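The values are calculated or read from the model by the stated rules, or taken from the named source; none is laboratory data. Here the structure is a predicted model, which means the values were calculated and not measured. Heads up, the Cβs are rebuilt from the backbone with ideal geometry, glycines too, and the neighbour counts pull from every protein chain shown. SASA here: full protein model, heavy atoms, side chains in, ligands and nucleic acids out. Shrake-Rupley method; radii C 1.70, N 1.55, O 1.52, S 1.80 Å.
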There are 4 protein chains.
Amino acid sequence: MAAEETGRVEAFSDGVFAIAMTLLVLDIKVPHELGGGGTLARALAAQWPTYLAFLTSYATILIMWVNHHRLFTHIARWDDRLLFSNGALLLGVVLVPFPTALIAEYLGHAGQTTAAMVYNGTFIVIAFCFNILWKTASREGRLLRVDHDVEATRHITESYRFGPLFYIAAFAVGLVNVTASLVLSLVLAVYFALPSRTAAGIATTRTRS
Amino acid sequence: MAAEETGRVEAFSDGVFAIAMTLLVLDIKVPHELGGGGTLARALAAQWPTYLAFLTSYATILIMWVNHHRLFTHIARWDDRLLFSNGALLLGVVLVPFPTALIAEYLGHAGQTTAAMVYNGTFIVIAFCFNILWKTASREGRLLRVDHDVEATRHITESYRFGPLFYIAAFAVGLVNVTASLVLSLVLAVYFALPSRTAAGIATTRTRS
Amino acid sequence: MAAEETGRVEAFSDGVFAIAMTLLVLDIKVPHELGGGGTLARALAAQWPTYLAFLTSYATILIMWVNHHRLFTHIARWDDRLLFSNGALLLGVVLVPFPTALIAEYLGHAGQTTAAMVYNGTFIVIAFCFNILWKTASREGRLLRVDHDVEATRHITESYRFGPLFYIAAFAVGLVNVTASLVLSLVLAVYFALPSRTAAGIATTRTRS
Amino acid sequence: MAAEETGRVEAFSDGVFAIAMTLLVLDIKVPHELGGGGTLARALAAQWPTYLAFLTSYATILIMWVNHHRLFTHIARWDDRLLFSNGALLLGVVLVPFPTALIAEYLGHAGQTTAAMVYNGTFIVIAFCFNILWKTASREGRLLRVDHDVEATRHITESYRFGPLFYIAAFAVGLVNVTASLVLSLVLAVYFALPSRTAAGIATTRTRS
């Protein structure tokens, strides 16, 4: 039993991440009416806010999954508190297709600032949930593997502290310029995708030799 | 073969739980027409029954998954009866997005009592299915792991006996006040999320030391 | 590598079965207009063809999954032919939500016989695919586990030979009475759910002692 | 930890492949209006572009999954670069239902060439992503299993080099004849499904004896 202790939590979470990512495509609609003299190419091009929102949300959920994957290389045990803080995190992930559809529809129209607040607000909440999940697992090392890398886990704790701040910044930018805040979120996703050399080094060595 | 005996049943069930939870988001619709002078914020706020129904259903499916997870830490073997009682339980889980959409649309309108009866009735059926699944697995310990914790399994048997009663109570409340019955179901989900100290202690020790 | 040789094929198939089963619920629509003097209860009751189609398809996919699960307790190896015969089987499974929606909409209206032919035809094709998959795996025992139970595998070969016949019967009935053919398919699902005592006995002993 | 090092990456990818394949069915719509004197059979027959697009996309995603499965029998370790090149590949897979719906709707109408460019373009991008993923894993054998089959991996490297070329050919054909390019993509899927005898032989021996 020991070796797969958190296996089912991870498999369930993987399922939720994978489905949320895949459902995003349902928001990209086939243009039905091309209007007078319009071409399909032009109708598709006019949907650029949908593609930008899709790409930002996809990249963000992917980063979240990578981070979730990383956390669980250190976590070896589960208890009820872990299951529920993980469930709260997944609630945020499950919701993502809704604000994505919202911002895709309202970008460039009245109400776009409200849409951006909902969109960026969702990511702020998820960033806080990641902190809660990690604290639940790592405080006094209670659910970490016995041989966990103290340096690596401290690195995670420190970098996670800043996560919500970045999304709060995106939220603030969204109050002024919605498109800029979407692009910023996309850049943030790429930033989190490029961990510091140290973290990368640790991850690389955590492999079958 | 031994170690993963129920692995595929659990993985399949996890998939169904994860998908049902994620499909719930499809019921949260982007408001398309803001009406004269209306704002997006107001249109979103007017959808509160949808959010309440979403949250209640999400929390309830999450609790169900946690309970399913707990049961299968004690179950070590499967036979056809287990597969089919599990399949009946999953039928209930798969259905949840429909009554959720139903109550979200009818809350506050004519027909809301019918919608609440369907909604709460679904959860009563699922609660009974959980009892059947657990009885199928635990009667005379036939499918439990050889070294199962007798105290913990008896605790489950006892607490499950009351599960349907709570949902029957929510059903009764729904005949009088639909919103109150939704809130009650949400509270029930949180209640089931907080197991007694004994159960929590047992769960905690069931981990890799 | 050995122990999980077919693990990923099974996990992938489980995912497809689980998603196809769960997507069925999207065909159960919330009634939007109750008409003059109509009640929600009456509108819901009028949708009985949808529930019958949902239930039949759910039960049928569940039985297919159980059978898939059973087959793979005997299969230990994969090659390209197995992957593709499995892929052809999953094509049938993935399609099920479409004929289900078709028969739910046309039952009782002009075109219902066509809808029934598509519906039952899909299950005939899937039944043939199961035979092809099993033959691919079992001919001369090429992909079966070395210690496979010869008696049990012969039993599967024999009972699978009759599978398509039952669905051909349902197809024939559907030419005369569509509702009866749906009920027959539901009964067939339950029939396949209740394996002969011998098979049940074998399945039961294939467990961790 | 060693044995399942890439297990979660594979499970997550399997989930995405399975969901994308299954969501394709949502594009096959039940005909709602049969028109004057029309029959359901004729209405269904008129939807042949939808079935052709569905079949081509299903077969293509299936082949991709089989290839992904094959690659990961050689890959034993993951690092951040692998996670992100895999994530880019999955982005392409997740998108497939959109161009599929696009070509199904526009085949035979104005805009069909644009639709074909988007459809075939998606597969070109995915083919390039497969090359990047494989290079990330195999360059200097950095993430391959220590005992990887040098002959088999070189065979993969060589055959993958040609993948994008075939889809570029389909793209070019699509500029002249959209239906022909769809049929070509379907044929390509079958071609990739039939690996050379050598590869098949290797795959067959990579099994539990």
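Summary table below
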{"read-out": "Evaluation of D:N177 against (1) polar (S, T, N, Q); (2) more than 28 Å from D:D80 (Cα to Cα); (3) in contact (Cβ under 8 Å) with a residue 24 or more places away in the chain (one fails), failing number", "value": "(3)"}
{"read-out": "Single residue of D:G121, D:G174 found to be among the small types (G, A, S) and crowded, with 20+ Cβ neighbours inside 10 Å", "value": "D:G174"}
{"read-out": "Selected residue (only one of A:V118, A:V25, A:V66 is assigned to a helix (DSSP H, G or I), touching a Phe, Trp or Tyr at 6+ places or on another chain (Cβ under 7 Å) and of a type in the set (A, V, I, L, M, F, W, C))", "value": "A:V25"}
{"read-out": "So A:G108, is it at pLDDT 95 or above, more than 9 Å from every other protein chain (Cβ to nearest Cβ) and surrounded by fewer than 18 Cβ atoms within 10 Å (Cβ to Cβ)", "value": "no"}
{"read-out": "Which listed residue, of D:L26, D:L40, is more than 16 Å from the chain's Cα centre (by Cα), within 9 Å of chain C (Cβ to nearest Cβ) and open to solvent by less than 10 Å² (accessible area, probe 1.4 Å)", "value": "D:L40"}
{"read-out": "Residue within segment A:119-142 that is within 17 Å of A:T56 (Cα to Cα), modelled with pLDDT under 90 and small (G, A, S) present", "value": "no"}
{"read-out": "Boolean, C:F166 is touching a residue at least 24 places away in the same chain (Cβ under 8 Å), part of a helix (DSSP H, G or I), open to solvent by less than 30 Å² (accessible area, probe 1.4 Å) and of a type in the set (F, W, Y)", "value": "no"}
{"read-out": "Options B:T100, B:T157; residue that is out of contact with any His (no Cβ under 8 Å at 6 or more places or on another chain), more than 14 Å from every other protein chain (Cβ to nearest Cβ) and part of a helix (DSSP H, G or I)", "value": "B:T157"}
{"read-out": "Number of the condition not met by A:T50 [criteria: (1) of a type outside the set (G, A, S); (2) facing chain D (nearest Cβ under 8 Å); (3) over 27 Å from B:D14 (Cα atoms); (4) in a helix (DSSP H, G or I)]", "value": "(2)"}
{"read-out": "Candidate set: segment A:59-72, residues that are within 14 Å of chain B (Cβ to nearest Cβ) and of a type outside the set (A, V, I, L, M); chosen: the one farthest from A:R154 (Cα to Cα)", "value": "A:W65"}
{"read-out": "Residue count, segment D:75-91 (criterion: more than 9 Å from chain A (Cβ to nearest Cβ) and open to solvent by less than 10 Å² (accessible area, probe 1.4 Å))", "value": "4"}
{"read-out": "Test for C:G87: is it without any contact (Cβ under 8 Å) to a residue 40 or more places away in the chain and under 30 Å from C:W48 (Cα atoms)", "value": "no"}
